[in-house]
1. Name the residues in the range A:442-498 that are assigned to a strand (DSSP E or B) and in contact with a strand residue (DSSP E or B) (Cβ under 7 Å, 6 or more places away or on another chain), would you?
2. Answer with yes or no whether B:Leu212 is under 30 Å from B:Ile297 (Cβ atoms) and either in contact (Cβ under 8 Å) with a residue 24 or more places away in the chain or buried (at least 22 other Cβ atoms within 10 Å of the Cβ) (or both).
3. So B:Gln88 passes all but one of these: (1) assigned to a helix (DSSP H, G or I); (2) more than 9 Å from chain A (Cβ to nearest Cβ); (3) crowded, with 19+ Cβ neighbours inside 10 Å. Which condition number does it fail?
4. Determine the pairs where a residue that is surrounded by fewer than 22 Cβ atoms within 10 Å (Cβ to Cβ), located within the range A:283-302, has a partner that is acidic (Asp, Glu) and part of a helix (DSSP H, G or I) with Cβ atoms under 7 Å apart, the partner being 6 or more residues away or on another chain.
5. Based on what the data block shows, is A:Ala299 part of a helix (DSSP H, G or I), more than 25 Å from B:Ile339 (Cβ to Cβ) and assigned by TED's automatic domain parsing to the domain that holds A:Glu351?
6. Output the strands (runs of 3 or more DSSP E) that fall wholly within the range B:228-304 and possess 2 or more residues being modelled with pLDDT of 80 or more and either at negative phi or surrounded by fewer than 13 Cβ atoms within 10 Å (Cβ to Cβ) (or both), or say none.
7. Residue check, B:Glu498 against (1) closer than 16 Å to B:Leu135 by Cα; (2) surrounded by fewer than 19 Cβ atoms within 10 Å (Cβ to Cβ); (3) of a type in the set (Asp, Glu), all met but one. Which one?
8. With the condition kept exactly as written, say whether any residue in the range A:76-83 is touching a residue at least 24 places away in the same chain (Cβ under 8 Å), touching a Gly at 6+ places or on another chain (Cβ under 6 Å) and of a type outside the set (Lys, Arg).
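The values are calculated or read from the model by the stated rules, or taken from the named source; none is laboratory data. Bear in mind that the values here come from a model prediction, so they are computed numbers and not experimental data. Please note: Cβ atoms are built from the backbone with ideal geometry, for glycine as well, and neighbour counts cover all protein chains shown.
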Amino acid sequence: MSYAPMGGLSALLKDGTKHVTAADDAVMRNIDACKQLGAIVRTSIGPNGMNKMVTNRLGKLFVTSDAATIVRELEVVHPAAKLLVMAAETQDREVGDGTGFVITFGAQLMSNAALLIKMGLHTAEIIQGYGRAAAFAMTELEAMSIKSVTDPADREQVAVALRSAIASKLFGMEDFLAGLVAEACVSVLPKNQSMFSVENVRVAKVHGGSLNTSSVVKGSVLIHDVEGTIKHLKNAKIAMYTCDVDAEQTETKGTVLLNSAEEFANYNRSEEDALEKRIKDIANTGANVIVGPKFGDMALHFIERYKMMAIRVPSKFDLRRIARTTGAVVLAKLVPPSPEEIGACDSVGVEEIGSTKCTIFRQDSSSSRIATIIVRASTENLLDDVERAIDDAVNVYKNLTRDQRLVCGAGATEMELARLLYKYAETLPSLDQYSIKKYAAALEEIPRCFAENSGGNATELMNTLQAVHADGDAQMGVDVENAGIMNAAEKNVYDLLSAKLMAIRLTTDAVTTILRIDQIVMSKEAGGPKPRDMMAGDYNDETAA
Amino acid sequence: MSHFLAPQIVLLKNGTDTSQGKGQLISNMNACQAVGEILRTTLGPHGMDKLIHEGRQVTISNDGATILKLLNIVHPAAKTLVDISRSQDDEVGDGTTSVTILACEFMRNSKEFVEEGMHPRVIIKGYRAAADLALARIKELAVDITGNSESERRGMLIKCASTALNSKLISHHKGFFSEMVTDAVLSLDDDLDLAMVGVKKASGGAVNDSLLVEGVAFKKTFSYAGFEQQPKKFLNPKILLLNVELELKAEKENAEVRVKSTKEYQDIVDAEWKIIYDKLDKIVQTGAKIVLSRLAIGDLATQYFADRDIFCAGRVPQEDMNRVSRAVGGAVQSSVVNIPADALGACGLFEEKSFGNERFNLFKECSHAKTASIIIRGGSEQFMEETERSLHDSIMIVRRAIKYPSAVAGGGAIEMELSRYLRDQAKQIQGKQQLVMNAFAKSLEVIPRVLCDNAGFDSTDVLYKLRARHAEGDAGRWFGVDITTGGVCDTWEKFVWEPALVRLNAIAAATEATCLILSIDETITNPKYEAAAPGAPGMPGGMMGM
């Protein structure tokens, strides 16, 4: 391509526009980009996957093996690779887990496509083959469900189903954390199970201690102290406000006009009286806790005088959560709440966790709709990582309330699908045969990664796995602890069927979209002059005038 | 159009730095090691102090958490160490150096495995298993120190406090300070709120002139004319706590006064005076003899109070105010109108006293006394600061010991015992994990080793003796380094006691940190945000969220 005619397309486009064409060039470049992305992520998948230390552009440090986080913070710029990232992000949003699978599998599909192109297949044929393979795999997958969670309110069963989502991030902690997440999720499960919202399980991170001192609280946790001197209350009646708890201020700038000495003397006094009356009115409704974004000194003084507790909650999100925990209605104006607007909580109190003071709203009865997992760990990075693992697990639980079917984890399902696909390919007379076989090979990449990341001899392990699957042992997967093979069902390693289905669909869609591209046109960035040092790159040799 | 010729694929944003693989892992470990080396010499009774010069501020300390905080570490992996020492500080308050040294040693001993090609996950698994065994063993060995009587309990706590002080600058006075600290903590309420122990510094005098005030002490605040006429000593005074400014001032920023005649003008001026006199009058009417305010108390008020034999202090810091409120049982009032009688506090004795050239207000014999203050005396600012940090550690230790009353022997004894136990356990394991567990066991020996090194003893020699003693079984379980003679001794007998929680948390945190570092195989650094001008490539709005 070294002599792109100066007159051709580039003459039609704005100066500085990049233009890449022809199947072998554009497609190959896209494939290469996806492969690179896959190479970054592939060492992180599976329980033994390694962590990445990513410093994002804001200087925040992430230590994680969660593929969704890694690719989000990587800020991938290549347009084709970005399609794959988007697929992973969709997976993260829809299912919350399985992002590593999407990227690794996608990258492998792409690099297998490269082999097919070299063989002489046209991209259209590859796309068709991949599509058929995916359709076949999805129907087979539906039939492969070997177990389902009969009751999403049963903590034991749920914990088993959540194990693998946590094991893939924090191997060795899965039993403990899955238990915690199951406890939290089950405790807030609404009667109508499909109404379960991930918002209802919160994570409070408290630095210090160690991971196994983490615990679940029914209710909400705020990581700071209360305002006044009253620190503990049982059977709290809670009034909540979104406005500052203080004397009212006008939004409009104005001055108070005083005409006589009398008015002058009484001015401040009247303001104080008005505030006292407000607080008194609130106290008279029976409320003994006031929650608001900010408290004035004077208001606090009267709150103390009427023996109420004052809790400052600056975040609107936290306010909403506390409202949901206690059933209070958040009022926009400092008026006494009506009885139905007052929230109730079995106990509100300040507890010291490590040396951090936390305000804990506890609901002992089953009425709470929010549960909080207090995570303890010795480093900030670990705390963040645990939070992500818990988020994933809660998402898995959400899916579990909708679709209870489980398939074998540990790569057993992928191996079995691959075997079925090979068989299926043999029955087809068309060129699709080749691409379906490559699709199967890409699926086998997942157990291979598990094996590689566990430090075993991957090739040997794959051979053994293929052999046992050929013998009809469909539940055999990679034993990451001993770098051997094991029966996934016996070891309680399960994945959600819905997560797998979604991952296969999304990946195949993304891959076929990328393969359809035969031209890339990248406009030159809009905007004025950029800082020089940033632009010392490859695509801006001319001055950005 | 030269870029057409260079088929470079731009996957990541320009300027993004990625490094991957084993080399990366080892470089992270080395960075941590470098930090560990700095702290190594500060461990133990004979540990040396560090002087950290930052701008114009000089800090002398041997407190691990303080040093790490001041070092301003930027290496992302080494920051983990700062985190764990902080965690130890938050959780237990002492042992911040130990936790860092342990983590570094765990890494050092895992390095050779990594270099030999063992998968880091295998090491992580082994370390976690070893840590679990070690933690269980500590719980099994820990001795209950609840004590049968109050005095026995106090004695036990003093021993814990003095072990914490062993390694500090003021170790010569540990007997003196450990009693002081224990009494201060014991005087607290059940929740043992750290903020209720005030530590104040008054320069001048000798260290042993430091004293414990069972009640509250704070430095005299800035005062106006008339202050000297106020009485400085009261028996059984009533105390009023305010959050009110007692000065002539604009009543309201956005109020405007319009007057039509000079007479009216005079009325307004009078009204202003009347307002403040009313306030002062109401205060006097409450019967309070001492008036404290978080805000300023001006000339006029000071004079007014002096005439009526009332003591006042303005601009009292918030935390002191809280302590006074807890001690004397009064509630802080933001208005002087309708002050209820129960909002006033009371104490047995109030006096103003000089220490060196500082004057302190002391509230003693408080009715609700759930607070205590320690006044530190000493020659230099740095010395007093380090004393304050040491006392903080020691206070934390006593608090923890009250909450979780079980202790183990210090001086490296518990580490040696754990090391022996793990080695025994390792023999029953087949495969690579045996090596890993042995490495963990070996790493634990670093604590007695560094104790010896820092004291100038032959660490190899002492370690052999210790191993031999611990191999004897139960009789030798508490043998640790004898820091006075350079030999070994039963440190439990010598009353070198530490709350078990210190060791539990240290081992758990160090293991967590090591596992975290071991699990990283790639570092990706994105260019800083400020340079990314609007409309940079591949940055649609959707990517901005986090």
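1. Here is the first cut: in the range A:442-498, the residues assigned to a strand (DSSP E or B) are A:476-479, A:484-487, A:494-496.
Within the range A:442-498, A:Met476, A:Gly477, A:Val478, A:Asp479, A:Ile485, A:Met486, A:Asn487, A:Tyr494, A:Asp495, A:Leu496 meet the criteria.
2. Yes, satisfied.
3. Going through (1) assigned to a helix (DSSP H, G or I); (2) more than 9 Å from chain A (Cβ to nearest Cβ); (3) crowded, with 19+ Cβ neighbours inside 10 Å one by one, B:Gln88 breaks only (2).
4. A:Met298/A:Glu272
5. Details: part of a helix (DSSP H, G or I): yes; more than 25 Å from B:Ile339 (Cβ to Cβ): no; assigned by TED's automatic domain parsing to the domain that holds A:Glu351: yes.
Against the criterion (part of a helix (DSSP H, G or I), more than 25 Å from B:Ile339 (Cβ to Cβ) and assigned by TED's automatic domain parsing to the domain that holds A:Glu351), A:Ala299 does not qualify.
6. So the answer is B:233-235, B:238-242, B:290-293.
7. Result: B:Glu498 fails condition (2) only.
8. Of the residues in the range A:76-83, the ones touching a residue at least 24 places away in the same chain (Cβ under 8 Å) are A:76, A:78-81, A:83.
With the extra rule that they be touching a Gly at 6+ places or on another chain (Cβ under 6 Å), the set shrinks to none.
Within the range A:76-83, not a single residue is touching a residue at least 24 places away in the same chain (Cβ under 8 Å), touching a Gly at 6+ places or on another chain (Cβ under 6 Å) and of a type outside the set (Lys, Arg).
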